[in-house]
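J.: This is the structure I have questions about; it appears just below.
The values are calculated or read from the model by the stated rules, or taken from the named source; none is laboratory data. What you see is a predicted model, and the numbers here were worked out from it, not measured in a lab. Reconstructed Cβ throughout: ideal geometry from the backbone, glycine too, with neighbour counts over all protein chains shown.
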Ligand code: ARG
């Protein structure tokens, strides 16, 4: 049979495969609350403008609340024949209240309807990401505060570079997640314009009040161009882009956790709550949550690329291609929220192995730069020359199988006569990290300032 919503010009119903490819109700039912909120705002505005009678608008408003409670109570039967959430809700409304239900769609189209529903949903996800990030930042902050002056190796190329503090390393992630948070805040601010009332594409001849519906739905203002309003999915792309960068950060720390929790590193112990065992190897405690977090970016970035690809060739305005936006965003959002929560749990539970970190910090000639700097400061050597002298001493220590502080003063002076006993003071890792007190540097003093700054900012 022809469709009851638009079947006037149709003699035949759709092929079964057409229904399968066309219907979005299987996934867009997640927009039910936003759809009902949008319709309630629209109906109230129509009445305020004298386009609908007050009694029709009241019946619609109440009927929509009934539909809402049916859906939330699991008593609603979603119909594939009715394509999407918009037609499912409207059709049930009309079943419930009769004729007034058929007046709801005055001065509106599914094109602006889906645009407003989806914006409301993505806006909520920005808020969820922001609060998830704040919880995660607090977990890193607590780790940083506990180990402000613990020393550990800092790496470049995953090779020992210079000693750093645990607190400094944890605070690096606070900075990354703070930028992520500001990206979601920024995207939210930009997306907070209401497309409702753009109708199909050109606006409407009914005397609607778009400022009223925008305000009722918590938007800052209506969108300014009706063609853009129904064509635009920038808000979803911005959410996905911010999610991808955030998931990339999660993945980088996940990779560090995988390395750090290995028997060869033993920098941290992950709690039982975030690890799994092996069915064959009894000793195993695998960092599965971290591994999955490392993988999530693949999925979230995949969704981002998918939506860019869906949108890139679409002439204005709405095309049905755009219905493919939602599954990508839903999947990315679900996995991002899961990832933020899992990382917050892992970071809160993880226990740093301070003695192992300290021993590792002192190995691998990590204070070679300190030695070179000492030669510059105390003997006036040009840095390049100091670098060369230090390199010679490192090669000597390597040949002897010892670390830099284990070389005797005779061995040192044989390489450069000016070296004195004082040099040993800079070869210790504690002195090394304390000396890096430049703004943003790793010294406990500087890290404590950053911890305090962020504690105040997140309080
Ligand atoms: N289900 C559609 C979507 O998600 C709603 C808009 C459909 N509009 C239309 N004219 N067919 O994009």
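J.: Report yes if residue 118 is more than 16 Å from the ligand (Cβ to nearest atom), surrounded by 20 or more Cβ atoms within 10 Å (Cβ to Cβ) and in a helix (DSSP H, G or I), otherwise no.
T.: Judged against the criteria, residue 118 is not a match.
J.: Is there any pair with a first residue in region 105-124 that is farther than 11 Å from residue 204 by Cβ and a second that is away from the ligand (no atom under 11 Å from the Cβ) and not in a helix (DSSP H, G or I) whose Cβ atoms are under 6 Å apart and which are 6 or more apart or on different chains, and what are they?
T.: Every condition considered, the pairs that remain are 115/195; 116/195; 116/196.
J.: Sticking with this structure for a sec: When you scan region 343-355, do you find a residue that is loosely packed, with under 15 Cβ neighbours inside 10 Å, part of a helix (DSSP H, G or I) and away from the ligand (no atom under 16 Å from the Cβ), even just one?
T.: yes
J.: A further question on this structure: Considering only region 375-420, how many residues are in a loop (DSSP other than H, G, I, E, B), out of contact with any helix residue (DSSP H, G or I) (no Cβ under 6 Å at 6 or more places or on another chain) and free of Cβ contacts under 8 Å to residues at least 24 places away in the same chain?
T.: 6
J.: Separate question: Take region 50-71 and flag every residue that is in contact with a helix residue (DSSP H, G or I) (Cβ under 6 Å, 6 or more places away or on another chain) and not in a helix (DSSP H, G or I).
T.: 52
J.: For the subset of region 72-111 comprising residues that are farther than 20 Å from residue 57 by Cα, in contact with a helix residue (DSSP H, G or I) (Cβ under 8 Å, 6 or more places away or on another chain) and in a helix (DSSP H, G or I), which member is nearest to the ligand (Cβ to nearest atom)?
T.: 111
J.: Regarding region 256-266, can at least one residue be identified that is within 16 Å of the ligand (Cβ to nearest atom) and exposed (fewer than 15 other Cβ atoms within 10 Å of the Cβ)?
T.: Looking for residues that are within 16 Å of the ligand (Cβ to nearest atom) and exposed (fewer than 15 other Cβ atoms within 10 Å of the Cβ), one finds none in region 256-266, hence no.
J.: Do you know which residues across region 180-203 are away from the ligand (no atom under 15 Å from the Cβ) and over 25 Å from the mean Cα position of the chain (by Cα)?
T.: 197, 203
J.: A further question follows. Looking only at region 289-325, count how many residues are within 20 Å of the chain's Cα centre (by Cα) and either away from the ligand (no atom under 16 Å from the Cβ) or in contact (Cβ under 8 Å) with a residue 60 or more places away in the chain (or both).
T.: Selection size over region 289-325: 20.
J.: Further question: Would you mind stating whether residue 357 is modelled with pLDDT of 95 or more, within 30 Å of residue 143 (Cβ to Cβ) and touching a strand residue (DSSP E or B) at 6+ places or on another chain (Cβ under 8 Å)?
T.: yes
J.: Moving on to the next point. For the structure I just gave you, tell me whether residue 372 is within 26 Å of residue 149 (Cβ to Cβ), in a helix (DSSP H, G or I) and out of contact with any helix residue (DSSP H, G or I) (no Cβ under 8 Å at 6 or more places or on another chain).
T.: Judged against the criteria, residue 372 is not a match.
J.: State whether one or more residues within region 23-45 are more than 34 Å from the chain's Cα centre (by Cα), closer than 25 Å to residue 318 by Cα and more than 16 Å from the ligand (Cβ to nearest atom).
T.: The answer is yes; a qualifying residue exists.
J.: Which residue out of 242, 236, 254 is within 30 Å of residue 361 (Cα to Cα), at pLDDT 95 or above and within 27 Å of the chain's Cα centre (by Cα)?
T.: One residue alone meets the criteria, 254.
J.: Which of the residues belonging to region 148-183 are without any contact (Cβ under 8 Å) to a residue 60 or more places away in the chain and surrounded by 24 or more Cβ atoms within 10 Å (Cβ to Cβ)?
T.: Matches in region 148-183: 169, 170.
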